[in-house]
Amino acid sequence: MTDALNPGQTIGILGGGQLGRMLAMAAARLGLKVHIFEPGENPPAGEVAHKTTTAPYEDEAALTAFADSVDVVTYEFENVPADALDLIEARVPIRPNRTALATSQDRLTEKTFLKDIGLDTAPFATVSTEAELAQALAKVGMPSILKTRRLGYDGKGQARINDRHDAPTALAAMNGADAILEGFVNFDREISVIAARGLDDTIACFEPGENVHTDGILDTTRVPADISTATRERAFGIAGTILTALDYIGVIGVEMFVSGDEIVINEFAPRVHNSGHWTEAGAVIDQFEQHIRAVAGWPLVDPVRHSDVEMTNLIGDDINQAHAIASETGARLHLYGKAEARPGRKMGHVTRVLDPATDR
Ligand code: AMP
(Lines give C-alpha, C1' and ligand atoms only; values in the text may rest on other atoms or scores of the structure.)
Protein backbone atom coordinates (compact mmCIF):
# COMPACT_ATOMS: atom_id res chain seq x y z
CA MET A 1 0.00 0.00 0.00
CA THR A 2 1.27 3.47 -0.77
CA ASP A 3 0.86 6.00 2.01
CA ALA A 4 -2.07 7.88 0.45
CA LEU A 5 -5.35 6.07 -0.18
CA ASN A 6 -6.86 6.38 -3.64
CA PRO A 7 -10.53 7.17 -4.24
CA GLY A 8 -12.43 3.89 -3.99
CA GLN A 9 -10.25 2.55 -1.18
CA THR A 10 -11.72 1.87 2.25
CA ILE A 11 -11.28 3.29 5.73
CA GLY A 12 -12.29 1.01 8.61
CA ILE A 13 -13.88 2.80 11.58
CA LEU A 14 -14.14 1.21 15.02
CA GLY A 15 -17.40 2.44 16.55
CA GLY A 16 -20.64 3.29 14.79
CA GLY A 17 -22.02 6.30 16.70
CA GLN A 18 -22.66 9.81 15.43
CA LEU A 19 -18.97 10.59 15.09
CA GLY A 20 -18.53 7.55 12.85
CA ARG A 21 -21.57 8.64 10.89
CA MET A 22 -20.17 12.11 10.25
CA LEU A 23 -16.76 10.65 9.35
CA ALA A 24 -18.44 8.28 6.87
CA MET A 25 -20.24 11.17 5.17
CA ALA A 26 -17.00 13.14 4.90
CA ALA A 27 -15.21 10.11 3.45
CA ALA A 28 -17.97 9.63 0.88
CA ARG A 29 -17.48 13.23 -0.34
CA LEU A 30 -13.87 12.34 -1.11
CA GLY A 31 -14.84 9.15 -2.92
CA LEU A 32 -13.54 6.94 -0.11
CA LYS A 33 -15.50 4.04 1.31
CA VAL A 34 -16.10 3.34 4.98
CA HIS A 35 -16.51 0.01 6.75
CA ILE A 36 -17.93 0.34 10.29
CA PHE A 37 -17.19 -2.20 13.03
CA GLU A 38 -19.68 -1.86 15.87
CA PRO A 39 -21.00 -4.33 18.48
CA GLY A 40 -24.43 -2.66 18.81
CA GLU A 41 -27.29 -3.32 16.36
CA ASN A 42 -28.32 -0.62 13.86
CA PRO A 43 -25.57 1.92 14.57
CA PRO A 44 -26.15 5.52 13.38
CA ALA A 45 -23.06 5.28 11.15
CA GLY A 46 -24.33 2.10 9.49
CA GLU A 47 -27.02 4.07 7.62
CA VAL A 48 -24.43 6.01 5.64
CA ALA A 49 -21.53 3.55 5.43
CA HIS A 50 -20.50 1.29 2.53
CA LYS A 51 -20.41 -1.70 4.86
CA THR A 52 -21.10 -2.48 8.54
CA THR A 53 -19.92 -5.41 10.62
CA THR A 54 -22.02 -6.06 13.71
CA ALA A 55 -19.89 -8.16 16.08
CA PRO A 56 -18.33 -7.91 19.54
CA TYR A 57 -14.71 -6.73 19.86
CA GLU A 58 -13.87 -10.24 21.06
CA ASP A 59 -14.92 -11.87 17.76
CA GLU A 60 -11.53 -12.64 16.19
CA ALA A 61 -12.91 -13.96 12.92
CA ALA A 62 -15.02 -10.82 12.43
CA LEU A 63 -12.10 -8.57 13.34
CA THR A 64 -9.79 -10.39 10.93
CA ALA A 65 -12.28 -10.14 8.07
CA PHE A 66 -12.81 -6.45 8.88
CA ALA A 67 -9.06 -5.70 8.98
CA ASP A 68 -8.50 -7.55 5.69
CA SER A 69 -11.28 -5.60 3.95
CA VAL A 70 -9.92 -2.10 4.69
CA ASP A 71 -6.81 -0.06 3.83
CA VAL A 72 -6.44 1.82 7.13
CA VAL A 73 -8.30 1.76 10.44
CA THR A 74 -9.37 4.68 12.60
CA TYR A 75 -11.77 4.93 15.52
CA GLU A 76 -14.52 7.13 16.90
CA PHE A 77 -14.61 5.33 20.24
CA GLU A 78 -11.61 5.08 22.57
CA ASN A 79 -12.44 2.04 24.63
CA VAL A 80 -11.71 -0.66 22.09
CA PRO A 81 -10.08 -3.62 23.92
CA ALA A 82 -6.32 -3.96 23.47
CA ASP A 83 -6.55 -7.52 22.08
CA ALA A 84 -8.80 -6.35 19.25
CA LEU A 85 -6.31 -3.61 18.41
CA ASP A 86 -3.38 -6.07 18.46
CA LEU A 87 -5.17 -8.27 15.97
CA ILE A 88 -6.03 -5.37 13.66
CA GLU A 89 -2.62 -3.72 13.88
CA ALA A 90 -0.89 -6.91 12.73
CA ARG A 91 -2.81 -6.59 9.43
CA VAL A 92 -3.41 -2.90 8.72
CA PRO A 93 -2.24 0.50 10.08
CA ILE A 94 -4.25 2.12 12.88
CA ARG A 95 -4.38 5.92 12.86
CA PRO A 96 -4.11 7.68 15.30
CA ASN A 97 -1.58 5.21 16.71
CA ARG A 98 -1.95 2.87 19.69
CA THR A 99 0.11 5.08 22.00
CA ALA A 100 -2.30 7.98 21.54
CA LEU A 101 -5.23 5.72 22.28
CA ALA A 102 -3.65 4.01 25.31
CA THR A 103 -2.49 7.35 26.74
CA SER A 104 -5.97 8.85 26.59
CA GLN A 105 -7.74 5.74 27.91
CA ASP A 106 -6.41 6.19 31.43
CA ARG A 107 -6.60 9.57 33.14
CA LEU A 108 -3.46 8.80 35.18
CA THR A 109 -1.38 7.87 32.11
CA GLU A 110 -2.77 10.89 30.28
CA LYS A 111 -1.95 13.42 32.99
CA THR A 112 1.48 11.87 33.60
CA PHE A 113 2.23 12.10 29.86
CA LEU A 114 1.11 15.76 29.73
CA LYS A 115 3.27 16.62 32.73
CA ASP A 116 6.26 14.77 31.26
CA ILE A 117 6.10 16.83 28.06
CA GLY A 118 6.08 20.03 30.11
CA LEU A 119 2.38 20.91 29.99
CA ASP A 120 0.19 21.98 32.91
CA THR A 121 -2.61 19.88 34.37
CA ALA A 122 -4.61 20.18 37.59
CA PRO A 123 -2.71 18.66 40.53
CA PHE A 124 -3.53 14.95 40.72
CA ALA A 125 -2.90 11.77 42.69
CA THR A 126 -3.85 8.16 42.19
CA VAL A 127 -6.52 6.63 44.47
CA SER A 128 -7.61 3.02 44.92
CA THR A 129 -8.19 2.80 48.67
CA GLU A 130 -9.49 4.91 51.54
CA ALA A 131 -5.93 5.39 52.81
CA GLU A 132 -4.75 6.58 49.38
CA LEU A 133 -7.69 8.97 49.19
CA ALA A 134 -6.65 10.52 52.52
CA GLN A 135 -3.07 10.92 51.22
CA ALA A 136 -4.31 12.29 47.90
CA LEU A 137 -6.52 14.86 49.65
CA ALA A 138 -3.52 15.97 51.70
CA LYS A 139 -1.47 16.41 48.50
CA VAL A 140 -4.09 17.83 46.10
CA GLY A 141 -6.28 19.76 48.57
CA MET A 142 -9.96 20.65 48.33
CA PRO A 143 -12.22 21.28 46.55
CA SER A 144 -11.27 18.43 44.28
CA ILE A 145 -12.86 15.85 41.98
CA LEU A 146 -12.50 12.11 42.21
CA LYS A 147 -12.74 10.47 38.77
CA THR A 148 -12.50 6.89 37.59
CA ARG A 149 -9.22 6.43 35.71
CA ARG A 150 -10.94 4.65 32.84
CA LEU A 151 -14.25 4.66 30.96
CA GLY A 152 -15.55 8.01 32.24
CA TYR A 153 -17.34 10.30 29.79
CA ASP A 154 -19.80 13.19 29.88
CA GLY A 155 -19.09 13.72 33.59
CA LYS A 156 -19.92 10.09 34.48
CA GLY A 157 -17.76 8.35 37.10
CA GLN A 158 -16.97 11.66 38.85
CA ALA A 159 -17.62 12.91 42.38
CA ARG A 160 -16.85 16.32 43.85
CA ILE A 161 -15.16 16.54 47.25
CA ASN A 162 -15.72 19.90 48.93
CA ASP A 163 -14.78 18.80 52.45
CA ARG A 164 -13.64 15.65 54.23
CA HIS A 165 -17.21 14.49 54.87
CA ASP A 166 -17.69 14.03 51.10
CA ALA A 167 -14.77 11.59 50.84
CA PRO A 168 -16.48 8.27 51.71
CA THR A 169 -19.44 8.93 49.37
CA ALA A 170 -17.07 9.96 46.58
CA LEU A 171 -14.99 6.81 46.97
CA ALA A 172 -18.16 4.65 47.04
CA ALA A 173 -19.28 6.32 43.79
CA MET A 174 -16.20 4.87 42.04
CA ASN A 175 -17.71 1.37 42.55
CA GLY A 176 -14.32 -0.14 43.31
CA ALA A 177 -12.69 1.22 40.13
CA ASP A 178 -9.19 2.75 40.29
CA ALA A 179 -9.51 6.51 40.48
CA ILE A 180 -7.59 9.76 40.27
CA LEU A 181 -8.11 12.77 42.50
CA GLU A 182 -7.85 16.07 40.65
CA GLY A 183 -7.66 19.54 42.15
CA PHE A 184 -10.70 21.64 41.20
CA VAL A 185 -9.67 24.31 38.71
CA ASN A 186 -11.39 27.63 39.26
CA PHE A 187 -11.48 28.44 35.56
CA ASP A 188 -12.89 31.52 33.80
CA ARG A 189 -13.80 29.49 30.76
CA GLU A 190 -13.38 26.11 29.12
CA ILE A 191 -11.98 25.98 25.61
CA SER A 192 -10.98 23.23 23.24
CA VAL A 193 -8.66 23.10 20.30
CA ILE A 194 -9.46 20.72 17.48
CA ALA A 195 -6.21 20.10 15.67
CA ALA A 196 -4.84 17.67 13.12
CA ARG A 197 -1.51 16.22 12.11
CA GLY A 198 -0.95 14.71 8.68
CA LEU A 199 1.37 11.95 7.42
CA ASP A 200 3.75 14.66 6.21
CA ASP A 201 3.95 16.08 9.80
CA THR A 202 1.86 19.16 8.92
CA ILE A 203 -0.10 20.47 11.90
CA ALA A 204 -3.33 22.42 11.41
CA CYS A 205 -5.35 23.90 14.29
CA PHE A 206 -8.96 25.05 14.19
CA GLU A 207 -9.81 28.21 16.10
CA PRO A 208 -10.35 27.45 19.82
CA GLY A 209 -14.02 27.02 20.74
CA GLU A 210 -15.49 28.11 24.07
CA ASN A 211 -17.49 25.32 25.70
CA VAL A 212 -20.31 25.37 28.22
CA HIS A 213 -21.15 22.08 29.95
CA THR A 214 -24.40 21.39 31.78
CA ASP A 215 -24.41 18.42 34.19
CA GLY A 216 -21.06 17.29 32.75
CA ILE A 217 -22.40 17.15 29.15
CA LEU A 218 -21.34 19.62 26.48
CA ASP A 219 -24.18 22.05 25.88
CA THR A 220 -22.74 24.73 23.57
CA THR A 221 -19.53 25.64 21.78
CA ARG A 222 -19.04 29.25 20.68
CA VAL A 223 -16.39 30.42 18.26
CA PRO A 224 -14.36 32.56 18.55
CA ALA A 225 -13.66 32.00 22.23
CA ASP A 226 -13.40 35.10 24.39
CA ILE A 227 -9.64 34.78 24.98
CA SER A 228 -6.59 36.96 24.38
CA THR A 229 -4.37 36.54 21.33
CA ALA A 230 -1.60 35.25 23.62
CA THR A 231 -3.89 32.57 25.11
CA ARG A 232 -5.05 31.56 21.65
CA GLU A 233 -1.45 31.16 20.46
CA ARG A 234 -0.54 29.24 23.58
CA ALA A 235 -3.55 26.93 23.08
CA PHE A 236 -2.35 26.19 19.53
CA GLY A 237 1.15 25.53 20.87
CA ILE A 238 -0.19 23.04 23.43
CA ALA A 239 -2.15 21.12 20.80
CA GLY A 240 0.91 21.02 18.53
CA THR A 241 3.17 19.81 21.34
CA ILE A 242 0.80 16.92 22.12
CA LEU A 243 0.43 15.93 18.45
CA THR A 244 4.18 15.88 17.88
CA ALA A 245 4.97 14.05 21.14
CA LEU A 246 2.52 11.29 20.20
CA ASP A 247 3.66 11.13 16.54
CA TYR A 248 -0.06 11.50 15.93
CA ILE A 249 -1.97 11.15 12.64
CA GLY A 250 -5.56 12.44 12.55
CA VAL A 251 -7.73 14.92 14.43
CA ILE A 252 -7.45 15.39 18.18
CA GLY A 253 -9.69 17.32 20.58
CA VAL A 254 -7.81 18.99 23.45
CA GLU A 255 -9.95 20.37 26.29
CA MET A 256 -8.43 23.15 28.37
CA PHE A 257 -9.37 25.32 31.36
CA VAL A 258 -8.46 29.00 31.03
CA SER A 259 -7.97 31.20 34.12
CA GLY A 260 -6.67 34.67 33.22
CA ASP A 261 -3.79 33.92 30.86
CA GLU A 262 -3.10 30.51 32.41
CA ILE A 263 -4.05 27.31 30.60
CA VAL A 264 -4.47 23.99 32.35
CA ILE A 265 -5.19 20.94 30.21
CA ASN A 266 -8.21 18.89 31.23
CA GLU A 267 -7.96 15.99 28.78
CA PHE A 268 -7.62 15.08 25.14
CA ALA A 269 -9.68 12.79 22.93
CA PRO A 270 -7.78 10.96 20.15
CA ARG A 271 -10.60 11.47 17.65
CA VAL A 272 -13.03 13.99 16.26
CA HIS A 273 -14.78 15.74 19.11
CA ASN A 274 -18.23 17.08 19.93
CA SER A 275 -16.75 20.55 20.55
CA GLY A 276 -15.54 20.53 16.92
CA HIS A 277 -18.97 20.19 15.33
CA TRP A 278 -19.05 23.97 14.83
CA THR A 279 -16.50 23.51 12.04
CA GLU A 280 -19.27 22.24 9.72
CA ALA A 281 -20.73 25.74 9.51
CA GLY A 282 -17.89 28.02 10.61
CA ALA A 283 -14.72 26.96 8.78
CA VAL A 284 -13.54 26.22 5.25
CA ILE A 285 -13.18 22.53 6.17
CA ASP A 286 -14.89 20.53 8.89
CA GLN A 287 -13.13 18.33 11.45
CA PHE A 288 -14.52 15.16 9.87
CA GLU A 289 -13.02 15.76 6.44
CA GLN A 290 -9.76 16.90 8.05
CA HIS A 291 -9.58 13.60 9.98
CA ILE A 292 -10.37 11.54 6.89
CA ARG A 293 -7.71 13.43 4.94
CA ALA A 294 -5.14 12.81 7.68
CA VAL A 295 -5.77 9.09 8.11
CA ALA A 296 -5.99 8.60 4.33
CA GLY A 297 -2.61 10.29 3.91
CA TRP A 298 -4.09 13.21 1.98
CA PRO A 299 -2.94 16.81 2.45
CA LEU A 300 -4.55 18.73 5.31
CA VAL A 301 -6.44 21.95 4.65
CA ASP A 302 -5.58 25.19 6.47
CA PRO A 303 -8.81 25.29 8.56
CA VAL A 304 -9.57 29.00 8.33
CA ARG A 305 -12.67 30.11 10.24
CA HIS A 306 -15.01 32.26 8.11
CA SER A 307 -17.91 32.87 10.53
CA ASP A 308 -18.75 33.38 14.18
CA VAL A 309 -20.86 30.38 15.18
CA GLU A 310 -22.53 28.70 18.11
CA MET A 311 -23.10 24.94 18.16
CA THR A 312 -25.81 23.61 20.50
CA ASN A 313 -26.22 19.92 21.25
CA LEU A 314 -29.72 18.49 20.95
CA ILE A 315 -29.98 16.12 23.88
CA GLY A 316 -32.89 13.77 24.63
CA ASP A 317 -36.21 15.56 24.10
CA ASP A 318 -34.48 18.53 22.41
CA ILE A 319 -35.01 16.50 19.24
CA ASN A 320 -38.64 17.71 19.38
CA GLN A 321 -37.37 21.15 18.33
CA ALA A 322 -36.07 19.78 15.04
CA HIS A 323 -38.83 21.16 12.82
CA ALA A 324 -38.71 24.59 14.46
CA ILE A 325 -34.92 24.74 14.04
CA ALA A 326 -35.20 23.59 10.44
CA SER A 327 -37.29 26.68 9.69
CA GLU A 328 -34.78 29.10 11.28
CA THR A 329 -32.69 31.22 8.95
CA GLY A 330 -28.98 30.71 9.49
CA ALA A 331 -29.40 27.52 11.53
CA ARG A 332 -27.77 24.34 10.30
CA LEU A 333 -29.46 21.25 11.70
CA HIS A 334 -27.70 17.91 11.97
CA LEU A 335 -29.57 14.83 13.28
CA TYR A 336 -27.95 11.47 13.99
CA GLY A 337 -30.79 9.15 12.99
CA LYS A 338 -31.20 7.64 16.47
CA ALA A 339 -34.63 6.11 16.94
CA GLU A 340 -35.03 6.55 20.69
CA ALA A 341 -34.57 9.89 22.54
CA ARG A 342 -33.38 8.85 26.01
CA PRO A 343 -32.48 11.55 28.59
CA GLY A 344 -28.83 12.58 28.20
CA ARG A 345 -28.55 10.94 24.76
CA LYS A 346 -27.00 13.08 22.03
CA MET A 347 -29.60 13.14 19.25
CA GLY A 348 -28.18 15.86 17.02
CA HIS A 349 -26.83 19.39 17.04
CA VAL A 350 -27.54 22.75 15.51
CA THR A 351 -24.95 25.28 14.40
CA ARG A 352 -26.07 28.90 14.18
CA VAL A 353 -24.05 31.54 12.39
CA LEU A 354 -23.79 34.57 14.68
CA ASP A 355 -23.86 38.21 13.76
CA PRO A 356 -20.74 39.62 15.50
CA ALA A 357 -22.51 43.01 15.86
CA THR A 358 -25.59 41.75 17.70
CA ASP A 359 -24.98 38.23 18.98
CA ARG A 360 -22.04 38.77 21.31
P1 AMP B 1 -14.23 15.50 32.08
O2 AMP B 1 -15.08 14.29 31.87
O3 AMP B 1 -13.00 15.21 32.86
O4 AMP B 1 -13.96 16.25 30.83
O5 AMP B 1 -15.12 16.49 32.99
C6 AMP B 1 -16.36 17.01 32.55
C7 AMP B 1 -16.49 18.46 33.00
O8 AMP B 1 -16.40 18.58 34.44
C9 AMP B 1 -15.41 19.38 32.48
O10 AMP B 1 -15.65 19.81 31.17
C11 AMP B 1 -15.47 20.51 33.49
O12 AMP B 1 -16.58 21.35 33.25
C13 AMP B 1 -15.70 19.77 34.79
N14 AMP B 1 -14.40 19.42 35.39
C15 AMP B 1 -13.72 18.27 35.19
N16 AMP B 1 -12.54 18.29 35.87
C17 AMP B 1 -12.45 19.48 36.49
C18 AMP B 1 -11.48 20.09 37.33
N19 AMP B 1 -10.34 19.47 37.68
N20 AMP B 1 -11.73 21.34 37.79
C21 AMP B 1 -12.89 21.98 37.45
N22 AMP B 1 -13.85 21.45 36.67
C23 AMP B 1 -13.66 20.22 36.20
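The values are calculated or read from the model by the stated rules, or taken from the named source; none is laboratory data. Keep in mind that this is a model prediction, so the values were computed, not measured. Here the Cβ is made from the backbone with ideal geometry for all residues, glycine too, and neighbour counts use every protein chain on show. Side chains are part of the model used for accessible areas, which takes the heavy atoms of the whole protein and leaves out ligands, DNA and RNA. Shrake-Rupley method; radii C 1.70, N 1.55, O 1.52, S 1.80 Å.
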### 3 or more residues under 14 Å from the mean Cα position of the chain (by Cα): qualifying strands (runs of 3 or more DSSP E) within the stretch 183-290
189-197, 217-223, 250-259, 262-269
### Task
Give the residues of the stretch 328-360 that are modelled with pLDDT of 95 or more and in contact with a Leu (Cβ under 8 Å, 6 or more places away or on another chain), sorted by residue number.
335, 346, 347, 348, 349, 350
### Task
Among the candidates 294, 322, single out the residue that is in a helix (DSSP H, G or I), at pLDDT 95 or above and farther than 25 Å from residue 4 by Cα.
322
### Task
Can you work out which of the residues in the stretch 203-235 that are of a type in the set (Gly, Ala, Ser) and more than 15 Å from the ligand (Cβ to nearest atom) is most open to solvent (accessible area, probe 1.4 Å)?
230
### Task
Kindly state which helices (runs of 4 or more DSSP H) lie completely within the stretch 25-138 and contain at least 1 residues that are open to solvent by 30 Å² or more (accessible area, probe 1.4 Å), of a type in the set (A, V, I, L, M, F, W, C) and within 16 Å of the ligand (Cβ to nearest atom).
107-116
### Message
Given the condition within 16 Å of the ligand (Cβ to nearest atom), among the hydroxyl-bearing types (Ser, Thr, Tyr) and within 30 Å of residue 148 (Cβ to Cβ), answer yes or no: does some residue in the stretch 241-248 qualify?
### Response
no
### Task
Just give me the residues in the stretch 1-17 being under 23 Å from the mean Cα position of the chain (by Cα) and either closer than 26 Å to residue 278 by Cβ or open to solvent by 10 Å² or more (accessible area, probe 1.4 Å) (or both), in sequence order.
10, 11, 13, 14, 15, 16, 17
### Query
From the set of residues in the stretch 179-202 that are free of Cβ contacts under 8 Å to residues at least 60 places away in the same chain and more than 10 Å from the ligand (Cβ to nearest atom), which is surrounded by the most Cβ atoms within 10 Å (Cβ to Cβ)?
179
#### Entry: Yes/no for residue 20 being outside the structural domain of residue 296 (by TED's automatic domain parsing), in a helix (DSSP H, G or I), surrounded by 15 or more Cβ atoms within 10 Å (Cβ to Cβ) and touching a Ser or Thr at 6+ places or on another chain (Cβ under 6 Å)
no
#### Entry: Inter-residue pairs, beta-carbon under 7 Å, first touching a residue at least 40 places away in the same chain (Cβ under 8 Å) and charged (D, E, K, R) and in the stretch 345-358, second open to solvent by 10 Å² or more (accessible area, probe 1.4 Å) and not in a strand (DSSP E or B), 6+ apart
346/18; 352/330
### Enumeration of residues in the stretch 247-267 that are open to solvent by less than 10 Å² (accessible area, probe 1.4 Å) and within 13 Å of residue 96 (Cα to Cα)
248, 250, 251, 252, 253
### Query
If you go through the stretch 49-83 one residue at a time, how many are among the hydrophobic types (A, V, I, L, M, F, W, C) and either assigned by TED's automatic domain parsing to the domain that holds residue 247 or touching a residue at least 40 places away in the same chain (Cβ under 8 Å) (or both)?
7
### Query
Quick one: residue 170 ticks every box in (1) on the phi < 0 side of the Ramachandran plot; (2) within 12 Å of the ligand (Cβ to nearest atom); (3) not basic (Lys, Arg) bar one, so which box is it?
(2)
